[in-house]
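Working notes, beginning with the structure itself.
The values are calculated or read from the model by the stated rules, or taken from the named source; none is laboratory data. Fair warning: this is a prediction, and the values are worked out from it, not measured in the lab. Heads up, the Cβs are rebuilt from the backbone with ideal geometry, glycines too, and the neighbour counts pull from every protein chain shown. Remember, those area values only see protein heavy atoms, side chains included, never the ligands or the DNA or RNA. Shrake-Rupley method; radii C 1.70, N 1.55, O 1.52, S 1.80 Å.
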Amino acid sequence: MAETETVATPEPETVSGFAALGLDPRLVAALTELGYEEPTPIQREAIPVLLTGRDMVGRAATGTGKTAAFALPLLHRLTRPDAPKARPAALILVPTRELAMQVAEAVHKYGRSLGVRVLPIYGGQAMGQQLRALERGIEVVVATPGRALDHVRRGTLALANVTAVVLDEADEMLDMGFAEDIEALLSGTPKGRQTMLFSATLPPRIAAIAERHLTDPARVNVAREAVPTGEAPKVRQTAYIISRQHKLAALGRVLDLEAPAAALVFCRTRTEVEELTEALAARGYRPEALHGGMAQDQRDRVMRLFRAGTADLLIATDVAARGLDVEHLTHVVNFHVPCDIEAYVHRIGRVGRAGREGVAITLAEPREHRMLRNIERATGQRIEAARLPTVADLRARRLELTREALRGAIVEGDLDRFRVVVEALSGEFDVMDVALAAVKLAHRAEGGDVEDADIPVAPPPQEQRFDRGPGPGYGPRRPGPRGPAPGMARLFISLGREAGITPRDLVGAIANEAGLPGRDISGIEVTDRFSLVEVPEEAADFVVEALNGVRMRGRRVAVRRDRGR
Ligand code: ADP
Ligand code: MG
């Protein structure tokens with residue numbers, strides 16, 4: 001990987017990266033609008049092939065942009081002038097309700113300017129409403145397999161005109177027991193259709209489905225990009241696993257604790273750069289934004305401030321930060337796990353130059369932990385899964401800073417003019433109390449106490465659970481006669497068969513709420529009044545927290561660690 005040491009300014013607009021793939025200019029414009037600057041590796045490889053109409057088996061880790069990889073060519077082909085006009089023309093199958101909404105939202109955003117109508121259908125939504133929408137004529141249906149099949153059987157969803165089918169997150173769909181539903185749906189669609197299968201992993205069961213239902217598929221695999229050894233820099237690498245809604249707070253806390261001399265925070269899109277810059281400014285930081293949508297002179301200004309050390313917190317996209325070479329940079333923060341390994345290596349290569357210690361921090365969502373493992377494997381370097389500092393940690397750290405400030409003031413001397421204050425008060429109060437009050441004021445002046453609430457901490461990557469040394473719950477254990485499997489914790493869930501709960505509901509809810517993939521959930525038992533599941537020990541507290549109070553089949557559920565029957 002060549003370093004661009006001497007380039008002074010980032011390259012201008014690069015959305016042409018998408019145009020070069022052969023996409024409709026209106027789609028390229030939509031991506032510019034969304035702030036995408038460059039295609040990710042899976043997008044670069046998949047889009048040109050899918051535009052030809054060929055079937056595909058695509059594999060790439062979570063968070064690498066698979067949705068756009070299939071949705072963009074799908075929208076392009078659906079709206080070309082000679083495309084068949086009968087509806088619905090495309091069916092996208094996804095494992096969960098949440099993904100149905102997310103993918104439908106993405107397809108809507110990409111295809112808005114093409115006038116494409118998309119409808120998510122999933123369990124738990126009133127059938128009538130979905131049905132009326134279908135009658136109005138919808139181009140793209142995004143559905144969980146079970147619900148799609150319900151509609152087909154009731155005659156409210158016709159598959160006869162479908163020209164494209166996507167199996168998204170295929171491994172998850174199989175883990176959730178949708179294999180038969182998928183087979184039935186595929187059998188009900190016309191022979192000449194284009195079929196795209198995307199997955200983070202490709203177990204044999206998926207190969208079997210591809211064998212039966214895909215025609216001469218192109219195979220794209222970007223899951224394991226190897227990085228030549230020796231290129232990866234030596235940097236302290238830490239990951240915090242955190243759910244999406246707490247990322248901003250987590251970033252603030254990490255910045256507070258690390259107090260970086262100069263930090264570069266990477267985002268995925270221009271929009272995100274702007275949002276994050278604004279949010280951090282609102283929290284009292286002084287961040288500068290840098291992205292490809294800014295005018296050249298604006299970008300030059302920010303670069304100058306940063307190089308001169310006047311600005312110390314820069315929020316940027318990869319493309320805009322290209323060529324930014326700052327001597328004194330101490331911290332690189334990935335606000336998400338980057339889309340490809342090379343990007344990760346390139347980012348963290350900016351710190352730790354010339355023998356100084358550099359720090360790379362990655363905020364990862366629970367569902368992205370596999371991508372972290374891939375990066376570790378490819379770079380041969382460890383990314384330590386750390387616990388987010390708690391409010392108590394921060395308080396302790398701030399008291400430490402106050403103590404240091406007071407110590408400095410005593411050593412410095414020149415305190416005589418304050419003696420009169422202490423003497424006046426010592427007649428009335430104990431001198432210790434006077435000192436305590438003075439410390440309180442000094443502490444407040446130093447920034448004071450942390451007002452934040454604690455941030456729920458997600459489990460670190462479960463593959464690393466035995467790396468963490470001794471401690472409660474981390475060691476291997478013997479399975480008791482009815483105890484959970486080794487490394488697993490059993491959870492009690494307050495709803496059961498009488499509430500209409502099925503194993504699929506449980507897996508779905510845990511996947512949706514805690515982001516835990518189906519394959520990490522086992523030992524499911526549904527009794528009349530309650531249910532039990534087993535999840536990886538380190539994920540247990542997070543799952544309890546995420547699931548507690550959530551509605552399942554219309555009823556609020558209580559969840560706790562099972563204490564045995
Ligand atoms: P996957 O399906 O592989 O897990 P997604 O399709 O959900 O990943 O994409 C993850 C995130 O990356 C989404 O927020 C998406 O908007 C964003 N994203 C996708 N492609 C790009 C790109 N080319 N540039 C910037 N962000 C992107
Ligand atoms: Mg996806």
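Out of residues 5 or more away from ILE524 or on other chains, whose amide H comes under 5 Å of its own, with H placed 1.01 Å from N in the peptide plane?
For ILE524, the qualifying residues are GLU534.
Using a 1.4 angstrom probe on heavy atoms only, work out the carbon and sulfur share of the accessible area of segment 392-445 in %.
61
Would you mind pulling out the separation of the Cα centroids of segment 241-284 and segment 487-565, in Å?
That distance is 32 Å.
Take each of the peptides 267-280, 57-70, 494-507, 417-430, average the number of other beta-carbon atoms within 10 Å over its residues, and list them starting from the highest.
57-70, 267-280, 494-507, 417-430
Quick test of the membrane-span-like rule: which DSSP H helices of the chain reach at least 15 Å along their long axis (C-alpha atoms) with mean Kyte hydropathy at least -0.5?
TM-like helix candidates: 41-51, 66-78, 97-111, 247-258, 270-282, 391-412, 431-445, 503-514, 537-547.
Sorting check: for 18-29, 336-347, 209-220, which peptide has the highest mean count of neighbouring beta carbons within 10 Å, and how do the rest follow?
Highest-to-lowest ranking by the protection proxy: 336-347, 18-29, 209-220.
In the P(r) worked out for the chain, what percent of Cα pairs fall beyond 36 Å?
Result for the distance tail: 44 percent.
In segment 17-222, carbon and sulfur make up what percent of the accessible area (probe 1.4 Å)?
Its accessible area is 51 percent carbon and sulfur atoms.
Quick check: the distance between the Cα centres of segment 175-207 and segment 89-112, to the nearest angstrom?
When both Cα centres are located, 17 Å separates them.
Pull up the DSSP beta bridges for the chain and report the antiparallel fraction as a percent, rounded to 5.
20
Just want to confirm a number: the relative contact order over segment 132-284, from Cα pairs under 8 angstrom separated by 6+ residues, in percent.
Relative contact order for segment 132-284 comes out at 18 percent.
Over segment 17-222, give the accessible area per residue in Å² for a 1.4 Å probe, as an integer.
39
Output the relative contact order of the chain, whole-number percent, from Cα pairs under 8 angstrom with separation of 6+ residues.
14
Which value at 222 nm does the chain reach when only helices count, each DSSP H run of 4 or more adding -39,500 (n - 2.57), with the total divided by all residues and rounded to the nearest 500 deg cm²/dmol?
One gets -12000 deg cm²/dmol as the mean residue ellipticity at 222 nm.
For segment 154-208, which trypsin sites (Lys or Arg not before Pro) pass both filters: DSSP loop (anything but H, G, I, E, B) and at most 16 other C-beta atoms within 10 Å?
LYS191
From Cα pairs below 8 angstrom and at least 6 apart in sequence, can you work out the relative contact order of segment 17-222, rounded to a whole percent?
In percent, rounded to a whole number, it is 29.
Grab the chain and count how many Lys pairs have their alpha-carbon atoms under 28 Å apart, sequence gap of 8 or more, or different chains.
So the count works out to 8.
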